[in-house]
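Working notes, structure below.
Nothing in this text is a laboratory measurement; each read-out follows from the coordinates by a stated rule. These numbers come from a predicted model, not from an experiment. Here the Cβ is made from the backbone with ideal geometry for all residues, glycine too, and neighbour counts use every protein chain on show.
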Amino acid sequence: MIKTIKKNTLLRIGLTCLIIMATFLVLTYLNNDKHLLESGSVKTMDDWTYMGQHIEVGEHLHITGGQAYTLTSKVPEDYKNHYNLLLRSSLSHVHVAVDDYQVYDSELNYPQSPMASIWHIVELPENSVGKTIRVTYQSPYEAMNGVVNPVTYGSSGNLKQSIVTSYGQSLAMAMFILFIGIVLIFTSFVNPTSNAWHVGLFAVFISFWLISESRMLQFVTGNQVILASSAFISLALIPMPFLSYIKGILTKNTHKTLDICGLLALVNLFLIIGLQIFHVADFFETVVITHGLMIGFIATVMVLLYREIKYQKNEKAKQFFISLSILFGFIALEMARFYILQAAEVTSLVTLGLLIFILNLGYVTGKDMLTLYKKSYKAEFYERLAYLDQLTQGPNRTAYERDLEDVFFNPHVNKQLRLVILDVNQLKTINDQYGHIKGDEAIRTSFELIQKNYQHLGSTYRIGGDEFAVIITKGCERHYDSATQRLLSDINAYNDKTDYPFSISLGSVAYKDDVSVNQFMHRADTKMYVYKRKAHEFSS
C-alpha cells in the first residue's frame with residue numbers, strides 16, 4: 001500500500017487522525033448533556049438522589065434492562081408556577097410525581113408504540129416549590145436503562161429555545177446536506193450518465209439520519225413511529241446508493257461483489273422492519289446487525305479499492321480511498337462512543353465529517369459532469385461544423401441532403417414539399433473582372449436575400465459554389481409566388497446599387513409522388529437551368 005499511496009499522503013492521513021482524536025475528546029466533554037444551555041430563564045436541577053445516594057447528571061447507573069428506577073429531588077425555590085420541567089428519555093418510559101401525586105406518564109401518551117428518545121415538557125402543579133419530585137425511568141434496554149439525563153426548568157418557550165440553541169446547529173448542518181442531495185438528484189436528470197443520482201440519494205439518506213439524531217425531529221412531527229424508526233431505517237438505507245456510487249468508480253469485475261453487498265443491505269432493511277412490525281426484535285436491538293453489515297461493507301469496499309489502485313492504477317479509486325479512510329475514522333469514533341461510552345447522540349464531529357465527505361463527492365461529481373458537458377458541447381460543435389457553410393454561415397450541402405431526405409420520406413410533410421434551386425448568374429465573370437472578394441460578396445448577398453424572403457416557408461442552403469436551395473414545407477403555391485416576387489424585386493434593387501452584374505436564376509418543383517430524392521432534385525435542377533438559359537438569351 002505504501003508503494004501505491006505516496007508517503008506525504010499517508011502523513012496527511014495520520015495528521016488528520018490525530019486532529020480527529022483530539023477533537024473527539026473535546027466534543028465528548030462539550031456534548032455532555034449537563035452542558036445543556038443554562039441562563040437566567042433556564043436552569044438545571046443538579047441535586048438528585050437514587051436510593052438515598054447523591055448522583056451526578058450524566059452518570060450511568062447499573063440498572064437491569066426493564067427495571068424501573070426513580071430519581072428524587074426537591075422542586076427548587078426559584079421554580080415559578082408558569083414554569084415547566086424539561087427532561088429527555090433515552091428509549092425509556094417516564095413517570096413524574098410530586099409528593100406521590102402523578103403529574104406525567106409517557107406510557108399513557110404513547111401506548112403500544114416503538115420506543116423513541118424524546119423530550120418531555122412536564123407541567124407541575126401550582127405551589128410545588130419545596131415538594132419532593134420523583135422521576136421514574138424504565139427502558140427495556142440495559143444499555144439505555146440507568147442513564148441520568150439533565151432536568152431543566154423554565155418557561156415552555158425558553159425551554160424550547162434552549163433545545164434549539166443547543167442542537168439547532170446539528171439540524172442546520174443536516175438540512176444543508178439534504179439541500180446538497182436534492183440539488184444533485186435534480187442535476188442527475190440533466191445528465192443521467194453521471195453519478196449525481198447516487199451521490200444525491202446518499203446525501204439525502206445521510207441527512208435523514210442526522211435529522212433523526214439531531215434531537216430536533218420531535219418538533220417537526222410528534223408521530224412516535226417516525227421518531228422511533230427514522231434513524232434506524234435511514235441508517236439501513238445509506239449503504240445502497242453508496243455501493244452503487246462505488247460501482248461507477250471500479251471496474252466491472254468488482255460489480256458482482258458490490259451487487260451482493262447491495263442485496264444484503266436491502267435484505268437487512270426488510271429484516272429490521274419486519275422484526276419490529278412482528279414484535280420479534282426492536283429497532284434498537286437490531287441496530288447491531290446494521291452496524292455489523294456496514295463494517296463488512298466498509299471492509300469489502302476498502303479491499304476492492306486497494307486492489308483497484310494496485311492492479312488497475314485507478315486514480316479515482318485512489319482519491320476516493322483517501323476520502324473514505326478519513327470518513328471511516330469519524331464513523332469508527334462514533335461507533336466507539338455508541339458502544340463504549342453509550343452515547344445517545346451523534347457528535348458534531350461526525351456530522352462535520354459527513355458534510356466534508358459529501359461536499360467532496362459533490363465536487364468530484366460536478367467536475368465529472370462538467371467534463372462530460374464539455375465533451376458533449378465539443379462533439380455538438382463539430383457536428384454543427386459538419387453541416388455549416390463557412391462563407392454564408394448557413395447550412396451546407398450535407399445538411400441539405402440530410403433534411404431533404406427526411407421530409408421527402410415523411411408522408412405528413414411531403415404533400416406540401418416544394419424544392420427551389422437557385423444559381424448566381426455570371427459568378428465567374430464577377431470573380432475574373434472584379435475579384436474574388438466581390439464574388440464572395442455576391443454569394444453572401446444571394447444567401448441573405450434568399451433566406452430573407454423564404455425563411456417563413458422553409459430552410460435555405462448553399463449547396464455549391466454559386467448554387468443554393470430552399471426546402472419549402474409550409475404555405476401554398478400563392479405564398480411561394482409572393483415570396484419569389486419579393487426576392488426578384490430585392491435582386492433588382494441590389495443590382496442597381498452594385499458595380500458588378502448581379503442576378504439569380506431559379507427553378508422550383510412541387511412534390512408529385514417522385515420515385516426518389518434524386519429524381520425530385522433533377523426536376524428542380526432542370527427548371528432552374530431552363531430559367532437560366534432564358535435569362536442568358538434575354539441579356540444577349
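Things to note:
- Furthest towards positive pole of dipole, Ile260, Ala299, Ile246, structure part segment 177-379, Cβ charges: Ile246
- Whether segment 397-539 is rounded, prolate or oblate, judged on the alpha carbon gyration tensor where a/c under 1.5 counts as rounded: prolate
- Segment 33-154: C-alpha gyration tensor shape, a/c 1.5 cut-off, then a/b vs b/c: prolate
- Taking each residue as 0.36 nm, the span from Glu126 to Asp47 lengthens on full extension beyond its C-alpha to C-alpha distance by 26.3 nm.
- FRET E, pair Val530, Tyr373, Förster distance 30 Å, beta-carbon r, rounded to 0.05: 0.05
- Averaging the sequence gap over all C-alpha pairs within less than 8 Å and six or more residues apart, then dividing by the number of residues, gives the chain a relative contact order of 11 percent.
- Counting other Cβ atoms within 10 Å as a rough exposure proxy, the listed residues Glu142, Glu315 run Glu315, Glu142 from fewest neighbours to most.
- Among the lysines of segment 379-475, pairs at least eight places apart or on separate chains and with Cα atoms under 22 Å apart come to 4.
- For a straight C-alpha distance cut-off of 14 angstrom, the aspartates and glutamates reachable from Lys534 (same-chain residues fewer than eight places away being disregarded) are Asp423.
- Extension gain for Val413 to Thr251 (0.36 nm times residue separation, less C-alpha to C-alpha distance): 53.5 nm.
- Linear extension gain, Leu391 paired with Gln319, 0.36 nm per residue minus alpha-carbon span: 21.1 nm
- Nearby lysines by direct alpha-carbon distance to Lys43 (threshold 26 angstrom, same-chain neighbours under 8 apart not counted): Lys34, Lys74, Lys80, Lys131, Lys160
- Under 25 Å of direct C-alpha separation, and excluding same-chain neighbours fewer than eight residues apart, Lys316 reaches these lysines: Lys3, Lys6, Lys7, Lys247, Lys252, Lys256, Lys367, Lys374, Lys375, Lys378.
- Expected 222 nm ellipticity per residue - DSSP helices of 4 or more, -39500 (n - 2.57), all of the chain, to 500: -19500 deg cm²/dmol
- [x] 41.4; [y] 29.7; [z] 25.4, with the label sought being that of the calculated mean projected area of the Cα convex hull in nm²: [x]
- In segment 462-503, the trypsin sites (Lys or Arg not before Pro) that fall in loop regions by DSSP, at most 15 other Cβ within 10 Å: Lys474
- Placing unit charges on each Cβ (+1 for Lys and Arg, -1 for Asp and Glu) gives segment 367-506 a dipole about its Cα centre, and among Ile421, His456, Phe468 the Cα reaching farthest toward its positive end belongs to His456.
- In order along segment 464-476, phi translates into HN-Hα couplings of x, x, 10, 10, 10, 9, 10, 9, 9, 10, 10, x, 10 Hz, rounded to whole numbers, per the Karplus curve 6.51 cos²θ - 1.76 cosθ + 1.60 with θ = phi - 60° and x for Gly and Pro.
- Cα centre as origin, Lys/Arg/Asp/Glu Cβ charges: the chain dipole, Debye: 1980 debye
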